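Worksheet: the structure to be examined is printed underneath.
The values are calculated or read from the model by the stated rules, or taken from the named source; none is laboratory data. Note that the coordinates shown come from a computational prediction; the quantities given were computed from them, not determined experimentally. Note that each Cβ is placed from the backbone with ideal geometry, even for glycine, and that neighbours are counted across all protein chains shown. Keep in mind that these areas ignore ligands, DNA and RNA; they rest on the heavy atoms of the full protein, side chains included. Shrake-Rupley method; radii C 1.70, N 1.55, O 1.52, S 1.80 Å.
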Amino acid sequence: MLKLYRSHQGKIILVAVILAFVLGIIEPKMFSHLQFISDSFINLLKLCALPIVLTSLIVTIGHLDQLHDLKQVARNSVIYILITEIIAVTIGMSLFNLVHIGGNVSASGLLSGAKYTDSTSTAIDPTHIFNYLFSSNIFKSLANFDVLPIVVFSILFGLTCALHREKARPVLEVMQSTRELFLALLNGVMYIAPLAIFVMIGTSVADSYLSGALSANLVALLQFVGLFFCGLFLHFLWQVILVVTLYKNLNVKILLEEGVPIFTTAFVSSSSLATLPIALEKAVKLGGKPKVVNFMLPICASMNFASGMMYEMAACLFFMHILGIHPDFIQQVLLAVACILTGIAVGGIPETSMVSFVTVFGMANIPLSAIAILMPLDRVVDRIRTMVNIFGNTCGTMIVSKTIKD
């Protein structure tokens with residue numbers, strides 16, 4: 001019964017969203033008595049998010065010794081992955097700074113009346129950045145939900161484990177087990193997601209309806225998705241152009257025709273891992289070197305979610321604009337770093353968006369009820385993100401192949 005429920009949870013969430021819209025207009029006052037459900041759901045998400053980020057980074061970095069046999073391929077692949085992620089986040093940051101949307105949206109209505117302030121945890125003095133990043137008490141950072149100090153600690157501890165792999169083996173095993181247990185807990189928490197989303201969406205619709213701002217809020221969300229899709233297209237475009245520039249025997253038409261099975265499988269499955277076998281075959285056929293393709297694509301499927309990182313950055317700036325929060329360049333760079341590092345940490349696990357949003361929204365001081373606003377759109381957006389991601393990773397193996405000597 002539970003497996004059947006999870007397999008149809010996307011449809012159940014859609015029904016919950018429709019009911020929330022209808023009841024939010026017909027019976028807007030009923031949701032004030034159900035707020036404890038959504039609050040409990042958000043608290044449980046916060047309970048899982050940071051332990052998953054911390055243990056995932058430590059485990060991933062702690063096993064870096066496995067890459068020593070493929071130094072050149074590994075080095076070039078990792079460099080390309082990081083460059084891709086930086087470009088993706090930069091595109092998202094640039095677009096949502098240049099195009100201001102959501103200015104007419106009621107913050108209290110859109111965010112279910114959640115409390116917020118104008119100060120953010122990213123608003124730190126640039127001269128004190130290193131004191132902030134290198135926390136003297138990691139438990140205090142966990143308690144305060146400070147993301148970047150936790151990420152920095154995880155990286156340092158993971159590197160220490162990689163350098164002392166014999167001594168670190170028991171620790172990594174504990175971290176791996178802890179990670180799996182928190183993932184299991186998160187999986188259990190997601191069983192109540194449809195009910196929590198019903199309450200959060202219903203509360204938001206009710207507040208918007210009572211304030212007369214419902215239509216403006218819906219238009220703003222559609223604008224957000226449209227602008228984000230523009231960013232995805234730009235990210236897709238530069239990789240395609242680079243591939244056809246490097247491979248003289250390819251043109252855009254051939255590349256896209258060969259990519260059709262990748263696009264269709266990614267859209268239907270919404271999974272980079274499920275699309276991986278087809279991507280491996282197509283990358284070699286299009287000219288990628290097998291040793292690069294076979295190493296890089298599985299790595300990308302677990303740590304290169306550039307389009308997801310762009311989504312996090314775009315959503316942060318969108319909601320911060322609605323809240324009247326105006327982060328400066330340094331604060332936005334710190335937020336971008338958090339999006340990249342949390343994206344790497346939680347890549348390849350279930351409910352990736354949930355964990356990432358809880359982490360970066362907490363850092364940006366965005367009420368976590370905003371997650372529910374994106375959930376109805378997340379299924380469609382996730383499929384498009386996956387298409388761009390896996391095809392971009394396929395192009396990436398071909399680009400890196402040109403940097404590797406035979």
Single residue of SER7, SER38 found to be out of contact with any strand residue (DSSP E or B) (no Cβ under 9 Å at 6 or more places or on another chain), in contact (Cβ under 8 Å) with a residue 60 or more places away in the chain and of a type outside the set (D, E, K, R) | SER38
For ASP65, state whether it is at pLDDT below 75 and in a helix (DSSP H, G or I).
-> yes
Report whether or not ILE86 is at pLDDT 85 or above, part of a helix (DSSP H, G or I), surrounded by fewer than 20 Cβ atoms within 10 Å (Cβ to Cβ) and not polar (S, T, N, Q).
-> yes
Taking region 337-356 and keeping residues open to solvent by less than 10 Å² (accessible area, probe 1.4 Å) and at pLDDT 70 or above leaves ALA338, CYS339, THR342, GLY343, SER356
Among the residues of region 235-266 satisfying the criterion of being of a type outside the set (A, V, I, L, M) and not in a helix (DSSP H, G or I), which is least open to solvent (accessible area, probe 1.4 Å)?
-> TYR247
Restricting the search to region 89-101, which residues are aliphatic (A, V, I, L, M) and outside any helix (DSSP H, G or I)?
-> VAL99, ILE101
Determine which member of the set LEU232, LEU250 is of a type outside the set (Ser, Thr, Tyr) and within 19 Å of GLY308 (Cα to Cα).
-> LEU232
Tell me which of these VAL243 doesn't satisfy, since it passes every other one: (1) under 21 Å from ILE86 (Cα atoms); (2) within 25 Å of the chain's Cα centre (by Cα); (3) in contact (Cβ under 8 Å) with a residue 12 or more places away in the chain.
-> (2)
Would you confirm whether any residue within region 299-307 is at pLDDT 80 or above and assigned to a helix (DSSP H, G or I)?
-> yes
Any chance ILE91 is surrounded by 19 or more Cβ atoms within 10 Å (Cβ to Cβ), closer than 22 Å to SER307 by Cβ and either at pLDDT 90 or above or more than 18 Å from the chain's Cα centre (by Cα) (or both) = yes
Residue that is nearest to LEU14 (Cα to Cα) [pool: residues in region 199-225 that are at pLDDT 85 or above and in contact with a helix residue (DSSP H, G or I) (Cβ under 8 Å, 6 or more places away or on another chain)] = VAL225
Can you name the residue in region 133-166 that is buried (at least 18 other Cβ atoms within 10 Å of the Cβ) and hydroxyl-bearing (Ser, Thr, Tyr) and is also modelled with the highest pLDDT among such residues?
-> SER154
Counted residues, region 1-52 - those being at pLDDT 80 or above and not in a helix (DSSP H, G or I) | 2
Taking region 168-188 and keeping residues within 19 Å of VAL358 (Cβ to Cβ), of a type in the set (A, V, I, L, M, F, W, C) and surrounded by fewer than 19 Cβ atoms within 10 Å (Cβ to Cβ) leaves LEU181, ALA184, LEU185
